[in-house]
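Notes follow the structure.
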Amino acid sequence: MDPLAPLPARPLTGGSVLAVDIGGTKFRVGIVGAGGEVLASALAPTPKAADAETLWSSLAAVVREVLDLGAAVDAVACGAGCGGPMRDHGDAVSPLNIPGWRSFPLRSRLQDLTGLPTFVDNDAKALALAEGRYGGAAGADDYLAMVVSTGIGGGLVVDGSLLDGRLGNAGHVGHVIVEPSGRRCACGARGCLEAEASGTAIEAITGKPPAEASADVIERTGMLVGRAVASVAALLDLDLAVVSGSVALGYGAPFFAAAHAELSQRARLSFVADARIVPGGLGADGPLVGAAAVGFRGIERGGRP
């Protein structure tokens, strides 16, 4: 069967979502139930230095693999999380961590492939939705959700609503400046949090994989994340940051201790004095559940992104 051939249209019945998590190191696709449970999944490495169609072919093959599973029969929508920036609700994505895609029509290509109503958002914003539904921010109306992994992204929930911004790119906390004379970021600026504390940055600075970081590097990474959280908390009157991702969760307690210490030093206004940073509550499934949350939100909105 041709992995790129469109599937027949599917009726809006059932209660699960086809979730597509697009990362710089892997594509993961799964079926996620309404309670946030991952019913089935498959993954493939993201092709390196690949052109747009090679990347798409790899993703489409994983999507087809999951859709061929029995668990996919009740899917009512497709939700996708992808790095930014993006425009037109995912119909033009240009993820900094996937150079082969520039203004790639992700949403329409996924919808044509699956036959499902398809909704796309920034991957960190997607995680913010999921943390509010099922994870470390459940019950909170105001919070920042961050991913500290290969890159760094974020999503902002204020007054119970996920902030989209003018073009849908609100929440790019990875591009808060934390070291004004720091390293050059992929975005072109210097000293962005992503250029100093992401997994990619840590490997570039130390010459070692992030998992082999020294105690000093772990402490510095947490400190810089705490510095960025302090700025965002003061700007938006937030008292909660939920932080996940392979770097943050992999570094564990020392990372979070350093982040808290810096937050306490920097957040001095009375309304952020009690701000806190907690680990994400969804673990390794967070990005996939986040992608599903984008799909569920689209269906709940009657098909609006």
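What the table below lists for this structure:
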| read-out | value |
| --- | --- |
| Helix 286-300 vs. the chain, principal-axis angle (Cα, 0 to 90°, nearest 10) | 60 |
| Cα→Cβ-extended label distance, 7 Å offset, between residue 48 and residue 161, nm | 4.4 |
| Per-residue Cβ neighbour rank within 10 angstrom, fewest leading, 25, 200 | 25, 200 |
| Extension reserve of the residue 73-residue 208 stretch, reckoned as 0.36 nm per residue once the Cα distance is removed | 44.3 nm |
| Average Cα contact separation per residue, region 136-281, under 8 Å, 6 or more apart, as relative contact order % | 25 |
| Mean separation of Cα contacts under 8 Å (6+ apart) over length of region 88-159, as relative contact order % | 22 |
| Longest to shortest principal axis, alpha-carbon extents of region 16-121, angstrom | 33, 26, 22 |
| 227, 64 arranged by Cβ crowding within 10 Å, fewest neighbours leading | 64, 227 |
| Label-point separation in nm, residue 57 to residue 25, each point 7 Å along Cα→Cβ | 2.6 |
| Extension reserve of the residue 257-residue 183 stretch, reckoned as 0.36 nm per residue once the Cα distance is removed | 24.2 nm |
| Using a Förster distance of 41 Å, the FRET efficiency for residue 215-residue 108 (Cβ separation, nearest 0.05) | 0.30 |
| Stokes-Einstein D (µm²/s) once Rh is taken as the Kirkwood radius of the chain over alpha-carbon pairs, at 4 °C in 1.567 mPa s | 68 |
| Per-selection Kirkwood Rh - region 146-305 (Cα, Å, 1 d.p.) | 16.2 |
| Relative exposure of 37, 65, judged by other C-beta atoms within 10 Å (fewest first) | 37, 65 |
| Fluctuation leader among 259, 80, 92 - the chain, Gaussian network, Cα springs under 10 angstrom | 92 |
| For region 32-160: relative contact order, % (alpha-carbon pairs under 8 angstrom, 6 or more apart) | 18 |
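Any read-out appearing in this document is the output of simple, stated calculations on the displayed coordinates, not a laboratory observation. Keep in mind that what you see is a predicted model, and the values were worked out from it rather than measured. Heads up, the Cβs are rebuilt from the backbone with ideal geometry, glycines too, and the neighbour counts pull from every protein chain shown.
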